[in-house]
2 protein chains.
Amino acid sequence: MAGFEQDKPSGSQAVLDNIHSRKSVRSFTEEPVTPGQVEILLKAAMSAPSGKNQQPWRFVVVREQATRDKLAVGFNKMIAKAPVAIVVCGETKDKTGADNKNWTADCAAATENLLLAAEALGLGAVWTACYPYDERMNPAIEALGLPGDIKPYCIVPIGHPAGNDKPKDKWKPEYIHHEKW
Amino acid sequence: MAGFEQDKPSGSQAVLDNIHSRKSVRSFTEEPVTPGQVEILLKAAMSAPSGKNQQPWRFVVVREQATRDKLAVGFNKMIAKAPVAIVVCGETKDKTGADNKNWTADCAAATENLLLAAEALGLGAVWTACYPYDERMNPAIEALGLPGDIKPYCIVPIGHPAGNDKPKDKWKPEYIHHEKW
């Protein structure tokens with residue numbers, strides 16, 4: 001890393017530290033998440049890159065216990081215990097009615113932005129996949145009344161971390177190839 | 001946003017600013033990208049969330065002009081002009097040999113981390129999709145010699161921004177629903 005420090009912009013270490021400290025948080029305190037915090041998270045999500053700038057992401061913010069109970073179908077039971085869950089959905093058609101082949105990529109990038117912003121705010125969150133599993137998408141479609149072209153991509157329960165969850169070290173230099181496989 | 005400022009952790013504004021200042025950079029100066037910078041980007045990428053912690057992401061770092069020329073198949077011609085391109089690939093099978101249905105989501109999250117880390121370092125980058133387009137995946141498979149289970153997800157050319165590219169304001173409150181669609 002010689003030669004690197006001198007052109008590292010101010011603030012970059014905070015960004016990198018936040019990326020590395022983000023973790024999947026599955027248990028939460030009773031402390032609420034404010035509407036202002038949710039707005040910050042959604043602004044971050046909507047700043048993601050988007051293929052052909054189609055911005056297919058849509059969001060349903062769910063606070064009601066009865067609805068969160070319907071979304072918590074088993075593997076994602078922490079949705080029932082978080083103060084708020086954001087359902088990241090995708091408009092699967094483009095403006096001409098054709099399939100938008102980038103909708104999952106764009107929704108994934110938006111979700112990662114949302115998770116990183118949550119970490120930055122001291123909140124905890126976890127990506128629970130809906131797509132491409134019918135048995136996970138269907139309960140969300142029904143609970144939220146999603147229109148036909150809108151698919152639930154994932155559900156992110158959010159709250160204040162109870163403190164049990166830690167980031168994982170996933171660094172594996174053997175996953176890096178140079179020039180060719 | 002009342003009640004928010006007092007519990008905003010130090011460094012959070014730098015994180016949010018970086019998310020909002022990330023942009024798709026398609027033109028680059030001649031200045032090289034160092035191996036240390038590439039390592040920082042890949043460490044960020046490998047810190048992404050991963051379904052069942054399978055970490056299906058793999059990376060090919062391409063600097064050679066001849067290989068970048070082969071990867072630049074048209075829409076992504078800036079790959080030929082960037083000092084380095086990182087091809088984000090996915091192991092599409094899990095350890096049992098079954099399809100890993102989360103590989104695209106994990107590769108997308110890793111790519112977004114990589115793009116955000118590039119922005120933090122003052123570098124410029126752009127996500128150019130390969131998956132799910134056969135006509136984009138096949139040239140990368142051939143140029144890099146990817147094994148059968150490994151698919152190229154996207155290619156990210158990286159360099160120092162020439163300064164032409166600006167972030168877009170994509171904030172659309174109308175994309176947010178509350179409790180139900």
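The values are calculated or read from the model by the stated rules, or taken from the named source; none is laboratory data. As the structure is a computational prediction, the values presented were derived from the model and not from experiment. Cβ sites come from the backbone with ideal geometry, for glycine too, and all protein chains shown count toward neighbours.
Inspect all residues belonging to region B:84-92 and state whether any of them is surrounded by fewer than 24 Cβ atoms within 10 Å (Cβ to Cβ), at pLDDT 95 or above and in a loop (DSSP other than H, G, I, E, B). Within region B:84-92 (the criterion being surrounded by fewer than 24 Cβ atoms within 10 Å (Cβ to Cβ), at pLDDT 95 or above and in a loop (DSSP other than H, G, I, E, B)), the answer is yes, since at least one residue qualifies. Filtered by the rule that a residue be within 10 Å of chain A (Cβ to nearest Cβ), of a type in the set (A, V, I, L, M, F, W, C) and over 12 Å from the mean Cα position of the chain (by Cα), region B:124-163 gives B:ILE141, B:ALA143, B:LEU144, B:LEU146, B:ILE150. Exactly one residue out of B:GLU91, B:GLU135 is acidic (Asp, Glu) and farther than 26 Å from A:VAL25 by Cα: that is B:GLU135. Inspect region B:159-166 for any residue being free of Cβ contacts under 8 Å to residues at least 60 places away in the same chain and of a type in the set (A, V, I, L, M) and give the result as yes or no. No, there is no match, as no residue in region B:159-166 is free of Cβ contacts under 8 Å to residues at least 60 places away in the same chain and of a type in the set (A, V, I, L, M). Looking only at residues in region B:1-51 that are more than 9 Å from chain A (Cβ to nearest Cβ) and at pLDDT below 95, the one that is nearest to B:ALA109 (Cα to Cα) is B:GLU5. Given the criteria buried (at least 19 other Cβ atoms within 10 Å of the Cβ), free of Cβ contacts under 8 Å to residues at least 60 places away in the same chain, in contact with a Cys (Cβ under 6 Å, 6 or more places away or on another chain) and not charged (D, E, K, R), does A:CYS130 qualify? So A:CYS130 fits the description; yes.
The sole residue among B:THR111, B:THR67, B:THR96 that is part of a loop (DSSP other than H, G, I, E, B) and either modelled with pLDDT under 95 or at the interface with chain A (Cβ under 10 Å from one of its Cβ atoms) (or both) is B:THR96. Of all residues in region A:38-55, those that are crowded, with 21+ Cβ neighbours inside 10 Å and among the polar types (S, T, N, Q) total 2.
Residues in region A:25-57 that are touching a helix residue (DSSP H, G or I) at 6+ places or on another chain (Cβ under 9 Å) and part of a loop (DSSP other than H, G, I, E, B): A:VAL25, A:ARG26, A:SER27, A:VAL33, A:MET46, A:SER47, A:ALA48, A:PRO49, A:SER50, A:GLN54, A:GLN55, A:PRO56.
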